[in-house]
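Shown next, in structure tokens, is the structure this report addresses.
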2 protein chains.
Amino acid sequence: MKHGAGGRSMRRLIERVFLHGATGPAAAMDDGAVIPIGDHFLIVTTDSHVIHPLVFPGGDIGRLSVAGTVNDLAMMGATEPLGLTCGAIVEEGFPVVELERLHASARAACEEAGTSIVAGDTKVMRRGEVDGLVLNTTGVGLAARVVRDSGLRAGDVIIVTGTIGDHGMAVMAARHAFDFGADLRSDVAPLNGLIRAALAAGGDAIHAMKDPTRGGVASALHEMADKSRVGVVLDESALPMRPAVRAAADLLGIDPLFIANEGKALIGVHPDAVLAVMAALRAHRYGRDAAVIGRCVEQSQHALVLDTGFGRRIVSEPDGELLPRIC
Amino acid sequence: MKHGAGGRSMRRLIERVFLHGATGPAAAMDDGAVIPIGDHFLIVTTDSHVIHPLVFPGGDIGRLSVAGTVNDLAMMGATEPLGLTCGAIVEEGFPVVELERLHASARAACEEAGTSIVAGDTKVMRRGEVDGLVLNTTGVGLAARVVRDSGLRAGDVIIVTGTIGDHGMAVMAARHAFDFGADLRSDVAPLNGLIRAALAAGGDAIHAMKDPTRGGVASALHEMADKSRVGVVLDESALPMRPAVRAAADLLGIDPLFIANEGKALIGVHPDAVLAVMAALRAHRYGRDAAVIGRCVEQSQHALVLDTGFGRRIVSEPDGELLPRIC
């Protein structure tokens, strides 16, 4: 299971199996591929969703699928998706009304993102061959400039666009019927509007973006730092977190840095543009809790270090199975 | 299960759930979406593959995924795919060497088709949550002219690019360990080279194309005829079929018209261009057994009629579960 958890084992599996012999667009191991078309770039991303339960506080697999794909496109600079495809794999006997409800949710998320599902495919598997419903969404979009997750430079400031840990905590609470009150809700949302605003404000000073989904902020920053050949120092006291998430994480002994988000972005930006980008983010409904959480330093032995205020602690790259089927 | 079998129930499910409220590129219910970009058209198609067994005579799920997506693009006129994405959903404990082998097969099919897998995603599910391996492939390609499956006109000639029923029969024999000798092999192949040759020879005289996968030639022609508002009369004696497929179909009491193909296309062409298109097809390794199998007539009560030589028989649209998990 750890090969699917978004951490080191998964990265190694991908390198071993899927990138073997790969050249061209896939070799960068970005979340999406880049194909030049004229003077623009076609961005193509794909994601499968196996989340359990299918409906959780704040969202469902339909909204999650659309938001996940819209966000992968947006992180690379394609903030106006041309369209999404949706492949559904359905367990025999799955209620059609439930399928309709989830598809309506996907469609609503598309509308919010200003896009639509342009092609679909449905397969049915027997009971016991697939658990409920799996959705695959693939998105295509055009970008004038491609933003990479490998573009961080020493001196850059790291911004997170809002509170961390909401999605993973909400799903965990829903799955195990933990009662932490009503405050645990997934943050799942299409971020292309937010990112469009940030790019308009920051322009070329935005050097790198990534959404901290599986593996959380820690995994995403590890990957960004490794690929960019810089180190990242995080300021623990600056990490925005809802009290309910902090309380649940404390109670369960889980580091919020490792918990999945589905409506947040990490943005690496040149210091000169931080104020403009922060202002743009905070003016948007999905960016009200945006915060500067760290900065990039010259590459050293440890890619990710947390400044706790009392000292520094190395944050390792997550590995193994923290929480399966989170997205 | 019949909702996934490619016939009438599936079409109704798609209309009820997935096209509810759909407008724009998806509303045509084609196998792919069409998005205008400059003076070209971006074609986007998606397909999930749940085939069992994963390896079968003549192919495997890797080759099947790539060929299926390349063919969906080619049928709409995009014979030079820009790239494919591949989303893998893997059962916990699935052997990594097997994954490597299947991925190598997918890569080889990509090379044959002159394209590559440009983005990927992997999810792992627990034992019992998914059966082995499911692959979703999405493809993007540019077409100067879009060919629709709804473009048939009365008077058009229907060509099939080779023998029918090979894929479905090979999978059925492999699954049930029927011994029909060594001659049952899937036809799974990327057809973009073949279709490129046909389009070069036939030009605008090629009015419609579709690959007869799930539901076979009967289902594909029903859909083409319905959408095009014509009738199709098939000449039974002209249907190309390997003796082993014919024998197996006879023995099992299955109509070969309903058996899936994964390396064949149906082409509707103006009579004036038939010779040129047939010559181009037969000059290609995947078109050597191409045959004229029918013609289009004015729309009447029955979309698809089979001329048996002794009389005519109505071919109904397949419905229900002929053979699940065939692709």
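The values are calculated or read from the model by the stated rules, or taken from the named source; none is laboratory data. Just so it is clear, the model here is predicted, and its values are computed rather than measured. No Cβ is skipped: glycine too gets one built from the backbone with ideal geometry, and neighbour counts run over all protein chains shown. Protein only, heavy atoms only, side chains kept; ligands, DNA and RNA dropped before computing areas. Shrake-Rupley method; radii C 1.70, N 1.55, O 1.52, S 1.80 Å.
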Exercise. About its Cα centre, what dipole magnitude does the protein assembly as shown give when the only charges are +1 on Lys and Arg Cβ and -1 on Asp and Glu Cβ, stated in debye to the nearest 20?
Worked result: 20 debye
Exercise. Setting aside same-chain residues fewer than 8 positions from B:Lys227, which aspartates and glutamates have a Cα under 16 Å from its Cα?
Worked result: B:Glu15, B:Asp30, B:Asp31, B:Asp149, B:Asp156, B:Asp211, B:Glu298, B:Glu317
For this session: Summarise the partner chain shielding of A:86-99 as one whole number: the mean count of Cβ atoms from other chains within 10 Å of each residue's Cβ.
Result: 4
Exercise. What whole-number value in cubic angstrom gives the convex hull volume per residue for the C-alpha atoms of chain A?
Worked result: 136 Å³
Exercise. In terms of solvent-accessible area of protein heavy atoms at a 1.4 angstrom probe, what is the ranking of A:His284, B:His270, B:His222, highest value first?
Worked result: B:His270, A:His284, B:His222
Exercise. Where the label is 7 Å out from Cα toward Cβ, how close does A:Glu98 come to the same position in every other copy, in nm, shortest first?
Worked result: 2.7
For this session: Identify the residues of segment A:151-173 with backbone N under 13 Å of a label point that sits 7 angstrom from the Cα of A:Arg288 along the Cα-to-Cβ direction, or state none.
Result: A:162-163
Problem set entry | Coordinate range along principal axes, alpha carbons of segment A:157-314, Å, largest first | 45, 36, 25
Exercise. How much mean residue ellipticity at 222 nm does chain B get from its helices, if each DSSP H run of length 4 or more adds -39500 (n - 2.57) and you divide by all residues, to the nearest 500 deg cm²/dmol?
Worked result: -9000 deg cm²/dmol
Problem set entry | Long-range HN-HN contacts of B:Gly151 with modeled amide H, under 5 Å | B:Met209
Seminar exercise, completed: Of the accessible area of the protein assembly as shown, computed with a 1.4 Å probe and all protein chains kept, carbon and sulfur make up a percent value of 50 percent
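Could you grab the relative contact order for chain A? Cα pairs under 8 Å, six or more apart, rounded to a whole percent. Could you put the intermediate results ahead of the total?
Working: 777 pairs, mean separation 81.4, N = 327.
Here the relative contact order equals 25 percent.
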Problem set entry | By accessible area with a 1.4 Å probe, ligands and nucleic acids excluded, highest first: order of A:His49, A:His207 | A:His207, A:His49
For this session: Starting from the Cα of B:Arg126, step 7 Å along the direction of its Cβ; do the same at B:Arg175; then give the gap between the two resulting points in nm.
Result: 2.8 nm
Seminar exercise, completed: Each label sits 7 Å from Cα toward the beta-carbon; between B:Ala276 and B:Glu112 the label points are separated, in nm, by 2.9 nm
For this session: One decimal, nm, shortest first: give the distances between the label point of B:Ala279 and those of the same position in the other copies, each label point 7 Å from Cα along Cα→Cβ.
Result: 7.0
Problem set entry | Pairwise Cα inverse-distance average, inverted: Kirkwood Rh of segment A:174-219 (Å) | 13.7 Å
Seminar exercise, completed: Cα-Cα longer than 26 Å, checked against A:Lys264/B:Lys123; B:Lys123/B:Lys264; A:Lys123/B:Lys123, kept in input order, equals B:Lys123/B:Lys264
For this session: Please list the equivalent ellipsoid semi-axes of segment A:268-325, computed as the square roots of five times the alpha-carbon gyration tensor eigenvalues, in descending order and whole angstrom.
Result: 26, 19, 11
Problem set entry | Debye log10 I(q)/I(0) for the protein assembly as shown, one point scatterer per Cα, at q = 0.09, 0.10, 0.12 Å⁻¹ | -0.72, -0.87, -1.18
Seminar exercise, completed: Reported to the nearest 10 Å², B:Asp307 has, with a 1.4 Å probe, an accessible area equal to 50 Å²
Exercise. Shortest first, in nm, what separates the label point of B:Asp183 from those of the same position in the other copies (7 Å along Cα→Cβ)?
Worked result: 7.4
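If you take the accessible area of B alone plus A alone and subtract the pair, what total do you get in square angstrom, rounded to 100, with a 1.4 Å probe?
Details: alone 14530 and 14510 Å², together 23730 Å².
Using a 1.4 Å probe, the pair buries roughly 5300 Å².
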